[in-house]
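Take a look at the structure below.
The values are calculated or read from the model by the stated rules, or taken from the named source; none is laboratory data. What you see is a predicted model; the values in this text were computed from it and never measured. Using ideal geometry, Cβ is built from the backbone for each residue, glycine included, and neighbour counts are taken over all protein chains shown. To get the accessible areas, we keep the full protein, side chains included, count just its heavy atoms, and leave off ligands, DNA and RNA. Shrake-Rupley method; radii C 1.70, N 1.55, O 1.52, S 1.80 Å.
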Amino acid sequence: MVQHAATLDAAFAAVADRTRRGILERLGRSEASISELAESFDMTLTGIKKHVAVLEDAQLVTSRKTGRVRTCRLGPRRLEREAEWIEKCQRLMDASFDRLESLLERSKE
Amino acid sequence: MPGTTTRTTITTPAEREIRIERVVNAPRDFVWRAYTDPALVAEWWGRGHRLVVERLELERGGHWRWVEHGPNGVYGFEGRYREVTPPARFVRSFEWDGMPAHVAIETVTLEDLGEGRTRIVILMQMHTPEERDGFLQSGMQQGMDAAFAQLDGLVTKS
């Protein structure tokens with residue numbers, strides 16, 4: 001449970017940043033080198049490397065170096081668990097608001 | 001992405017925030033009462049467990065304490081009202097017995113959409129990202145409890 005919580009923490013922290021979400025979307029279309037990413041996001045190589053490192057820590061991205069080029073792609077872990085988790089919370093709240101609506105129906109009777 | 005569509009959206013717009021939004025088929029005055037009349041609150045709020053509204057002092061500085069009696073125990077939610085502006089908005093501190101002294105600030109805004117519909121927007125602001133994730137996780141845990149409780153109900157009936 002603690003391990004589970006730690007990976008969720010890392011993943012949520014990783015996607016709490018607009019540029020990092022952009023990188024995930026970009027890599028969802030195709031793999032890209034650090035310099036390609038830097039160009040797409042109009043950032044320095046150092047800046048992009050930092051973002052990629054955060055995504056790698058959360059296992060959302062992997063990268064490998066061939067010669068002088070580091071290529072990034074989506075990692076083994078996707079955001080399914082996070083999506084599933086939020087969806088469970090949504091269902092829970094949905095049920096609660098449904099009860100509120102049916103309360104109105106009953107109060108009309 | 002799994003599953004069926006839900007009408008409630010939960011987003012995490014910033015590291016320390018949870019935003020919950022839902023449009024309900026109920027006029028705004030009624031939704032306001034559903035949040036502020038103890039008898040009505042007990043009928044819908046929370047996760048479908050029995051809810052006892054121990055305190056609901058609807059004024060600035062007033063206490064609220066709503067206690068859920070679930071299959072795995074008794075847990076209270078409580079805090080104090082910071083701002084009460086009927087029928088559009090209230091702001092209160094929010095603390096769950098399961099995470100004592102981790103206080104969030106909850107802002108509930110009710111937007112009148114006309115034709116008997118209301119948009120409810122709940123913004124929860126925590127002190128740290130860890131607290132935010134803790135709140136989300138406890139929500140999931142409670143959801144599973146609710147599912148098991150329903151299963152128990154079915155078994156008892158059959």
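Might you check whether a residue that is touching a residue at least 12 places away in the same chain (Cβ under 8 Å), under 30 Å from B:F135 (Cα atoms) and not β-branched (V, I, T) occurs anywhere in segment A:27-38? Looking for residues that are touching a residue at least 12 places away in the same chain (Cβ under 8 Å), under 30 Å from B:F135 (Cα atoms) and not β-branched (V, I, T), one finds at least one in segment A:27-38, hence yes.
Scan B:A34, B:A14 and give me the residue that is farther than 26 Å from B:R117 by Cβ, facing chain A (nearest Cβ under 9 Å) and of a type outside the set (S, T, Y).
Result: B:A14 is the single residue among B:A34, B:A14 that is farther than 26 Å from B:R117 by Cβ, facing chain A (nearest Cβ under 9 Å) and of a type outside the set (S, T, Y).
Out of curiosity, is A:V69 in contact with a strand residue (DSSP E or B) (Cβ under 8 Å, 6 or more places away or on another chain) and open to solvent by 50 Å² or more (accessible area, probe 1.4 Å)? Against the criterion (in contact with a strand residue (DSSP E or B) (Cβ under 8 Å, 6 or more places away or on another chain) and open to solvent by 50 Å² or more (accessible area, probe 1.4 Å)), A:V69 qualifies. Remark: B:E21 matches the filter, which requires a residue to be within 14 Å of chain A (Cβ to nearest Cβ), part of a strand (DSSP E or B) and either more than 30 Å from B:P129 (Cβ to Cβ) or among the acidic types (D, E) (or both).
Check B:R117, B:R47 and return the single one that is within 22 Å of B:G134 (Cα to Cα), within 14 Å of chain A (Cβ to nearest Cβ) and open to solvent by 40 Å² or more (accessible area, probe 1.4 Å).
Values: B:R117 fails: within 22 Å of B:G134 (Cα to Cα).
When all the criteria are applied, what remains is B:R47.
Scoring B:G76 on the criteria (1) modelled with pLDDT under 90; (2) open to solvent by less than 70 Å² (accessible area, probe 1.4 Å) leaves a single failure, condition (1). Among the candidates B:L123, B:L58, B:L136, the residue that is under 26 Å from B:T11 (Cβ atoms) and either assigned to a strand (DSSP E or B) or more than 14 Å from every other protein chain (Cβ to nearest Cβ) (or both) is uniquely B:L123.
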